[in-house]
Amino acid sequence: MSAASRHDDGGANAPPPPLPEELHEAVLRNTAFRRVLHTDRRVPGAHTQLVAMCVRDDTGTEAHARTAQYFLVKDGRGTLELARRATARDVAERDRCVLQRASDDDGGGGGGDVLVRVTHSVPVQPGSAWLVEPGTYHNVRAEPRRGAPPLRLLTVYYPPHHPDTRVDTTHEAARARERAAATSR
């Protein structure tokens, strides 16, 4: 059954979600930057999406206006960064704080870039888990040490953020697709 016909029936005939051991193995085997594993549309109004990520550099600082994201580190080490929009004072004091460009979008990269100030930087490792609420700027960086394994994450989006079966092989490919989608609007 095609993805389109699964949506037409409200998700009633959608396949069941993967079992925990299947999710664990899928995340550890994944080599793509982002791979949608499952989108659950069976419960009206309670749609979730499971995404495996293999991060070799970082996820890119972004905020999703209407989407919460739960992260679970399955392998590798890195850093979680949380940020807020930069103020004029932050810019004036840029030598005393970390400023970054961020994507302000919710589903396609169309929101544009903003300047943000990193407010929290927390080390993460296998077993680390956290929730990023809608509107929160966030980035996950893999450990930069040469030869370090990539950071492998299981991410749960609520509601779904990417099309079913989306696979972005690299971070660069994902950003290029998002830029193309933004310019076509």
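Details
- Test: residue in the range 62-80 that is over 11 Å from Ala142 (Cα atoms), touching a Lys or Arg at 6+ places or on another chain (Cβ under 9 Å) and outside any strand (DSSP E or B): no
- Test: Asp90 is assigned to a helix (DSSP H, G or I) and not small (Gly, Ala, Ser): yes
- Selection from the range 109-162 of residues that are basic (Lys, Arg) and in contact (Cβ under 8 Å) with a residue 40 or more places away in the chain: Arg141, Arg152
- Summed over the range 158-170, the residues that are in contact with a Phe, Trp or Tyr (Cβ under 8 Å, 6 or more places away or on another chain), under 13 Å from Ala52 (Cα atoms) and either part of a helix (DSSP H, G or I) or not polar (S, T, N, Q) (or both) give a count of 1.
- Boolean, Arg77 is surrounded by 13 or more Cβ atoms within 10 Å (Cβ to Cβ), of a type in the set (D, E, K, R), over 16 Å from Gly60 (Cα atoms) and modelled with pLDDT of 85 or more: yes
The values are calculated or read from the model by the stated rules, or taken from the named source; none is laboratory data. Just so it is clear, the model here is predicted, and its values are computed rather than measured. Quick reminder, even Gly has a Cβ in these numbers, built from the backbone with ideal geometry, and neighbours come from all protein chains shown.
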